[in-house]
There are 2 protein chains.
Amino acid sequence: MTRAALDVALAYHHAWAGGDLDAALRYIADDVVCEAPPGVLEGIDAYRAFLEPYVSQLVSASLIAAFGDDETALVMYDSVTQLVARAPGAECVRVADGRIVRSWFVFDRAPFMAARAAMVGSRDAQGSAP
Amino acid sequence: MTRAALDVALAYHHAWAGGDLDAALRYIADDVVCEAPPGVLEGIDAYRAFLEPYVSQLVSASLIAAFGDDETALVMYDSVTQLVARAPGAECVRVADGRIVRSWFVFDRAPFMAARAAMVGSRDAQGSAP
């Protein structure tokens, strides 16, 4: 059994986990379709806009498990971000010609929303401008 | 390669996806430790209390992908619930002696929190008791 999709999923994962968003996006097809918590992302520009805020404040990420075959891979990881201390995620990807063409992205938005709300509250309490 | 953990993960999945929480919990070890969005769940009673509200309002669930080997399995699914129309989740499980002893559970709490807040708001607007 070959594992071409798993190889791509892991290369993509290790790129963004190392903070290199551009390298990660080289594994994403231009016309990628991704079901993510905020909704369906279509195209690599939408995908970049979705991933950029997360990767820019990433402290570290570590794999929990990764499996796959020639067409599909499934990866789960934990991550530490500046905003949220524990931010696990899971991604299922379909790969064609070495790039991710279809993706399902699962993570909990609740701690990110709470952290952002707390930051706004903190700013308001200090009376400073955003 | 045998896939004992995947077999257990799928049997557990199909049990709760069919609405049978008791059957699903037969695949969970008494001293399971599960990292879930609300925090770490310890023991099968905590696991049941976590899963019960979700399964009780489940409409349908369908697998997106499932992989595993003899010790570890990783499953992603989409689900429809009475509260939230689109509730995907992912679970990584470690299996020993036919039961899940360790688990990582990832899903987005945001739409559930929003739906509950809307219900409370709706009740308030109607002036009815909870």
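Among B:I64, B:A15, B:A5, which residue has its Cα furthest toward the positive end of the charge dipole of chain B, with +1 on Lys/Arg Cβ and -1 on Asp/Glu Cβ? Sorting the options by dipole projection puts first B:I64. At what distance in nm do the modelled label points of B:V59 and A:H14 sit from each other, each positioned 7 Å from its Cα along Cα→Cβ? Label-label distance for B:V59 and A:H14, simple model: 4.3 nm. Which of rounded, prolate, oblate describes the range A:4-127, given a ≥ b ≥ c as roots of the alpha-carbon gyration tensor eigenvalues and a/c under 1.5 marking rounded, otherwise prolate only if a/b is larger than b/c? Judged from the Cα gyration tensor, the range A:4-127 comes out prolate (a/c at least 1.5, a/b above b/c).
Roughly how crowded by other chains is peptide B:100-109, in terms of the mean Cβ count from those chains within 10 Å of each of its Cβ atoms?
4
Residues whose amide H comes within less than 5 Å of that of A:R109, counting only those at least five positions distant or on another chain, are B:R109, B:A110 (H built at 1.01 Å from N in the peptide plane). Over chain B, Cα pairs under 8 Å with separation of 6+ residues give a relative contact order of 26 percent.
Can you classify the protein assembly as shown as rounded, prolate or oblate using the Cα gyration tensor, where a ≥ b ≥ c are the square roots of its eigenvalues, rounded means a/c under 1.5, and otherwise it's prolate if a/b beats b/c and oblate if not? Since a/c reaches 1.5 but b/c is at least a/b, the shape of the protein assembly as shown is classed as oblate. For the residues of B:82-92, the average number of beta carbons from a partner chain within 10 Å of their own beta carbon is 4.
Per residue of B:59-67, other chain Cβ atoms within 10 Å of the residue Cβ number 4 on average. Each residue of the range A:93-101 was assigned a 3J(HN,Hα) from its phi angle through the Karplus expression (A = 6.51, B = -1.76, C = 1.60, θ = phi - 60°), giving 10, 9, 10, 9, 6, x, 9, 7, 9 Hz with x at Gly and Pro. With each label modelled as a point 7 angstrom along the Cα→C-beta vector, the A:M119-A:E71 pair spans 4.1 nm.
Helical runs (DSSP H, four residues minimum) scored at -39500 (n - 2.57) apiece and divided by the length of chain B put the mean residue ellipticity at 222 nm at -12000 deg cm²/dmol. Here the extension length gained between A:F50 and A:A23 equals 8.2 nm, from 0.36 nm per residue of separation less the Cα-Cα distance.
The numbers here are math on the coordinates, done by the rules we state, and not lab data. Keep in mind that what you see is a predicted model, and the values were worked out from it rather than measured. With ideal geometry, Cβ positions are generated from the backbone for all residues, glycine too; neighbour counts draw on all protein chains shown.
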